[in-house]
Each structure stands twice: as C-alpha cells, then as structure tokens.
Amino acid sequence: MKIVTPRLILREFQEKDIADIIANRNSNKKEVKSQILLNQKEIGKEKRENYSLGIELKSNHKLIGEIDIYRVDRFIGKATMGYWLGEDYWRQGIMYEAVQAIIEFAFNKLKLKRIELDTSTKNIPSNGLIKKLGFKYEGTRRKYHGPKTRIWHNANFYGLLASEYKTK
C-alpha cells in the first residue's frame, strides 16, 4: 500500500528502513525488526486491522517517521490514529500533510465514520496539529498508558467524525 502526497510517500515498512527508524526514534534494532515483522503480517490480510506506514520524504527517499491507523473496526466504523516524526523534521508541515492523507484514506477508502487519537497533554505541537485538522477535544485521561511509548502520562483524547471533516 502506498499513499502519495506532494512531498511524501506513506508506505509499508521494509527491512531497509531499520537504520532510518533507529536514527529518528529512540528504538533499538530488535524492537524495530519486531515491529516490521508485525506490519508485514498485516499486509496480506484482506481486511486489515492495522495500517502502519512509514513516512518517506520524496526528495531524498529517507524514512523520517511513521503514521498508523490501527484498531480498525469496520462494523462500528472507527479506528485509532498514531504517529511520530524524527525531531529534525518537526515544524515543517510534514505531519500535517501525512495526517491529512491518512484521514482521507480512512474516510474515503476504508469508509470509517470516526477516527480517534490521544496525545500527551505536554505535547503542545501535537495537540495544536490535531485541532488544526478539525479533531474535537473529548477529554483528558490521567496517567494514561500510551500504546507505543510505555510511558505513563496524562493524555488528551480527540475524535474526528467523517461528517465533520471537510475535504481540503
């Protein structure tokens, strides 16, 4: 699977991405290889529950981040979104572009009705990004365990309904 935007290619992870992931995220090689194997198992499924895509810059073909739509529930019509981006690429509109593309994919291709996500209350840029894209604040959970970070933190929860999202 591949989603192309003006500056980015959102694509499945490959073995060649290991070094870029380690360079951009505080992960070890064993953890990254395990994640890639899990992602590759999802690729062959007809109705996937998880879409973990690498964010590749078109200009230099480097993998600089990840964006996920996971816990896809087609019966209810909802999924959870998550993402990370290498620090060297922050504040350049890259994640805005990637999230916008994933929203379009979730609502138009998967026909979901709702996307939800959480972000640390301390992550001001991420909270701002999500609001800018139209997500609505739905509350804060105290000492919430982030699914990938394994760090206990307070998290703001947001939701976006397909009926509220305007294609840009």
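The values are calculated or read from the model by the stated rules, or taken from the named source; none is laboratory data. Keep in mind the model is a prediction, meaning the values are calculated, not measured. Cβ sites come from the backbone with ideal geometry, for glycine too, and all protein chains shown count toward neighbours.
The figures follow:
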| read-out | value |
| --- | --- |
| Residues located in region 139-168, provided they are of a type in the set (Ser, Thr, Tyr), outside any strand (DSSP E or B) and at pLDDT below 90 | 149, 165, 167 |
| Meets criteria (within 22 Å of residue 17 (Cβ to Cβ) and either part of a strand (DSSP E or B) or among the β-branched types (Val, Ile, Thr) (or both)) for residue 67 | yes |
| Condition met for residue 112 (in contact (Cβ under 8 Å) with a residue 12 or more places away in the chain, part of a loop (DSSP other than H, G, I, E, B) and touching a strand residue (DSSP E or B) at 6+ places or on another chain (Cβ under 6 Å)) | yes |
| Where residue 118 falls short, out of the listed (1) buried (at least 16 other Cβ atoms within 10 Å of the Cβ); (2) among the charged types (D, E, K, R); (3) touching a Leu at 6+ places or on another chain (Cβ under 9 Å) | (3) |
| Condition check for residue 92: within 25 Å of residue 58 (Cα to Cα), of a type in the set (S, T, N, Q) and free of Cβ contacts under 8 Å to residues at least 12 places away in the same chain | yes |
| Test: residue in region 128-138 that is in a loop (DSSP other than H, G, I, E, B) and surrounded by fewer than 14 Cβ atoms within 10 Å (Cβ to Cβ) | no |
| Pair list, Cβ under 8 Å, 6 or more apart: region 9-26 residue at negative phi and modelled with pLDDT of 75 or more, other residue part of a helix (DSSP H, G or I) and surrounded by fewer than 16 Cβ atoms within 10 Å (Cβ to Cβ) | 12/40; 12/43; 13/40 |
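Yes or no, residue by residue, for (1) small (Gly, Ala, Ser); (2) over 12 Å from the mean Cα position of the chain (by Cα):
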| site | (1), (2) |
| --- | --- |
| 86 | yes, yes |
| 95 | no, no |
| 100 | no, no |
| 104 | no, yes |
| 115 | no, no |
| 132 | no, yes |
